[in-house]
Every structure is written in C-alpha cells, then in structure tokens.
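The values are calculated or read from the model by the stated rules, or taken from the named source; none is laboratory data. Computed from a predicted model, the values in this text were never measured in an experiment. Glycine also receives a Cβ, built like all others from the backbone with ideal geometry; neighbour counts cover every protein chain displayed.
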Amino acid sequence: MTGRRVTAVLVIVVLAAVAALFRFLSLQGFSNDHFLHLVAAQQIVLGEWPTKDFADPGMPLMYGASAAAQALLGRTLLSEGVLVAVAFGAAAALTAVTVLQLTSSLTLAVAATLFEVAIFPRSYGYPKLLLYAAGFAVYGWYLARPDGRRLAAMAGFAAVAFLFRHDHGVYLGGGACLAALLAPDTGLWRARVHRAAICAGTFGLFLLPYLLYVQAYEGLGAYLGTGIAFSTREAERQGRVWPSPFSATEPTQVVLLYLFHLLPLAAAATVVANCRDQAARILPIAAVGVLVNLSFIRDPLTTRLPDAVVPAVVLGAWLAARAWSAPRFRAIWIPATAVVALIAVSSVVVVGNTPGELDRMGLSGRWDELPRLVGERASELRERFSARQMPTRTVEALQPFFAYLDRCTMPTDRLLVTGFFPEVPYYARRPFAGGQSTFLEGYFGSEQNQRQVLDRLDRQVVPFVFVPSDGGFEELARGFPLVSGYVKSRFRELTVVPIDEERHMTIEVNRTLGARGIDPETGWPCFSERGR
C-alpha cells in the first residue's frame, strides 16, 4: 500500500470517527418521529414481525436494525444512540470514498464529508445518508471491474436498501441498472441492455422471499394499496415547496433548495458536453440525485433538505474538480466555483444549525473532556427517564402512570395509543395493541386495516387506551370508526393526565378485564400478581 493510500485511509477513518462522535455527543432527546422506528423495533424484540403482526408501510430493515441494536446493547436509548452514531460515521466514510473515486482529491473528499456532517440531518434520517453513500461507492466498485459477481452484489445492495424503505431500493436499483447499462466495454448496445436487464432481474430475485412473505401474511394487493395510500397521505401532508429564488424570509433554505436541484442537471450537462468518458460514473448518481430531490425535499425545508445531501455533495465535489481542471475558461470557472462553495457553506451552517449542535456537544474547545462527555451521554441514554434525553412533555407527564404500569400490569400486556404518540408504548416498555403504534386519520384507516386491528385486539390483553386531547375521540371516530366503536364498548375513563396548560391525555381502562387486586398507591385496579 502506497503512502498516499495510507494517508487517504487514515483521513477517512478520522472523518468517520469525528462524524460518529459529533452525532453521539449532540444527542439530546430523540424526536417522536424517531420513536416510530424504535417502538416497532421493540415489538420485534418482543417476538413480533412486521406485516405479519403489525402494520408496516415498507421499512422492515429499519426496524430490524434498531431491534438488533436493542438485542445487542439492551433495551435502552443507548442502543439507538450507538446505531445512529455509527451509521452517520459510516456514511461520512463512504461519502469520502465515493468522492475520492470520482476526483482523486483527498481535499475534496474531506470538504464534501464536512458539508454532509455540518448540515445535521435528523437522527432517524441516517438511512438516507448511509444507503446512498454506500450505494454510490458500490457503483464505483462495480464500474472499476464490471463482471457478473459485482453486478449481483450491486443489485443485492439495492434490495437491502428496498427493505430499509422501498423507495430507497427503487432509486438505488434504478441507478444500479443505469450503471450496468453504461458500463464501459466493447460490446454492442444489445449486450448493454441485456446486462441492465440482468441487474433488474437479480434485484427482483433477491426480493422474492420478502414478496412471498408479504403475500402469505397480507397479500401483495392489499400491501401495495396500503403503501400507496400511505405515500399519498404523506405527500398531501408535506407537499413540495418552490419558494421564490428572491425570497428574503429564508434565503439560506432557498439557496440550498435550488442548488440541490441544479447540481444533478449541471453534472449531466457537463458529461454530455465534454466528459462522456465519465458517463457511467456520473449519470447514475445524477439520476438518483434527481429522484432523491423530488422525493425527499418537502416542507419544512429545514428538516427535509439535509435528507438529500449525499448526491449533492458528491456531484458538487465532482463539478468542482472539473472546474479546476477545465482546459478553457479556468479564470471564470474556478472563481465561480469558489463563490458557489462559499454560499453553500454559509447556507449549510444555517440550515444545519451547526454552531448550535457544536454547542450541544459541550466540548467548549477542550478535547481532553471527550471521555467524560461520552460517558455522561452514555449514562443519560441508559437512564429510562433522563431529563436531558426526554423526547416530549407527554412522557414527562406520564412517568407516574408508567410506574403504575410497572406495578400493576404484565410485560406482555398491551397499550392502545391513539393519535401520534409512539414514544408512549416505548417508555411504558409495553407492546402496542392492535398492530398499530399510532392512529392518525388518513393512515392505515381502510376497513380492511381496521378489521385487522379488531381481530388482533380480540386476541390480545389490552388493559388501557390512551386518548390525547388534540384530535382525541373525534379524530378516532372519523378516521377509525370501527376501532372507535370497539373502544367505546369496552373501556371507561380511569384518569386524565395534564400534559401542559392546553393539552391532556385521557387514559381509559378495560372494564371487561378482571382485576387481580388494587394498587395501594393509586387505588386503581391491578392486572398482575405483583399488584395484589
């Protein structure tokens, strides 16, 4: 291994470590969106399977990764914190590898990676960085020596991405087939098309066991219909935004929005104009970048823009390298590239709130404090109700009730939680009931889905229902009339827990269950031997 290669490896390892450390130390309460994955992972740890036992919009490996972390490191937030940190660190390393493949510039690889880290995507968005950085690196690995084995590996990785979330697999699978189509060789176009068809067929073959699994437990037609309804509702709730380029309210967001959309087009135009020998390496990434931008970048931009950062930094670094080596008009291209880079840096720092995240780490410029800070963060994440890691005021307000659940219910007893509060069953350390962790109007509300919920409820022990004041019984009745009827016929109000000045949580108890005793602290019924 040459000295230059050793240096590159060491730099990439350091980048990965810094990115992972940055994400771990800045953890301060996962959002309730993240608990959608955490509570599903908890369900897997407790012995259930996506689709078979609970509703899954198409993210089985996302849950599986968190479940594996919980199985290895324990059922605390530390497991998820380590998973997220390692994933972002790996994404940083793979982004650097991809940029190095494309530009042979370690400086550009470092710069692109720092852009990616500084924009600070949400914790639950780690697959949007890790999968695409890895996918682009796999494209480069295949194109370095196109053969059947590497083609199969590229299609297999796209299948893995599909199981993390189906659109990831579709986008990366499409890019893989385009790479197979454009891979340089002396063959005719017919051979290239045949190779792309083999890529697509191999991708489908890898997914066949999963498709058979879905067919066995739900049916592909019903699964597809539910998935389309879910995606449609998401698009309606968080539509694409096209603010004026001259907007004075959020200029940094507007700059990044249009820059992200322009970079794939600029890269494709550069390839067509004077870099056709780079078509196989750049056009698949540009095509995936267009799909990612159109799919991921929605309202609110501050949250969604970071999700699309990987194609942007990879293509931006390649375009910067082309500008630097341009045989003509270098006096124009280099200053123009520098100006765009400076604007992008300032925009990324604002959108990612990089100074705030650095402050959250608590380093204060003293690197000798790192061991202590890492230990403190790990201790906080192990603690069930750490004040620093508290995700919502709902969890804080419900702590006394969770203690009652520990005393008076079995670990296998379930909670039916209406509205959008996936953090409640997670912190209660109880499985969610009916195969759904949330009940939001417009999501999984078809008659077939509701009857499936009722069928599961009839086979489960469900002592309590949680109904939030915002939405509450009215939203449940509108979106899930069959489930609402079930709740009204079997449950009665037990208590109302104030959340803040405007919100509260009504907790109803199942009047069809026989209590085994009375809790001496609250006077409420106990449903376990421990409460007698």
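Under the condition of being over 22 Å from Thr392 (Cβ atoms) and among the polar types (S, T, N, Q), the residues counted in region 23-67 number 1. Per the listing Val417, Val424, the residue uniquely under 21 Å from Arg492 (Cα atoms), in contact with a helix residue (DSSP H, G or I) (Cβ under 6 Å, 6 or more places away or on another chain) and either hydrophobic (A, V, I, L, M, F, W, C) or not assigned by TED's automatic domain parsing to the domain that holds Val465 (or both) is Val417. All of (1) surrounded by 13 or more Cβ atoms within 10 Å (Cβ to Cβ); (2) more than 22 Å from the chain's Cα centre (by Cα); (3) not hydrophobic (A, V, I, L, M, F, W, C) hold for Arg145 with one exception: (1).
One residue stands out in region 225-273 among those that are among the polar types (S, T, N, Q) and modelled with pLDDT under 85: the one that is farthest from Val349 (Cα to Cα), namely Thr226. Does at least one position in region 489-498 carry a residue that is among the basic types (Lys, Arg) and touching a residue at least 60 places away in the same chain (Cβ under 8 Å)? No, region 489-498 has no match at all. Scanning region 385-413 for residues that are part of a helix (DSSP H, G or I) and charged (D, E, K, R) yields Arg393, Glu396, Asp406, Arg407.
Condition (residue is of a type in the set (Phe, Trp, Tyr) and surrounded by 15 or more Cβ atoms within 10 Å (Cβ to Cβ)) applied to region 188-205: is it met by at least one residue? Yes, region 188-205 has at least one match.
Go through Ala180, Ala158, Ala153 for me and flag whichever is over 25 Å from the mean Cα position of the chain (by Cα) and either of a type in the set (A, V, I, L, M, F, W, C) or surrounded by 17 or more Cβ atoms within 10 Å (Cβ to Cβ) (or both). Step by step, each of Ala180, Ala158, Ala153 is checked, and only Ala180 is over 25 Å from the mean Cα position of the chain (by Cα) and either of a type in the set (A, V, I, L, M, F, W, C) or surrounded by 17 or more Cβ atoms within 10 Å (Cβ to Cβ) (or both).
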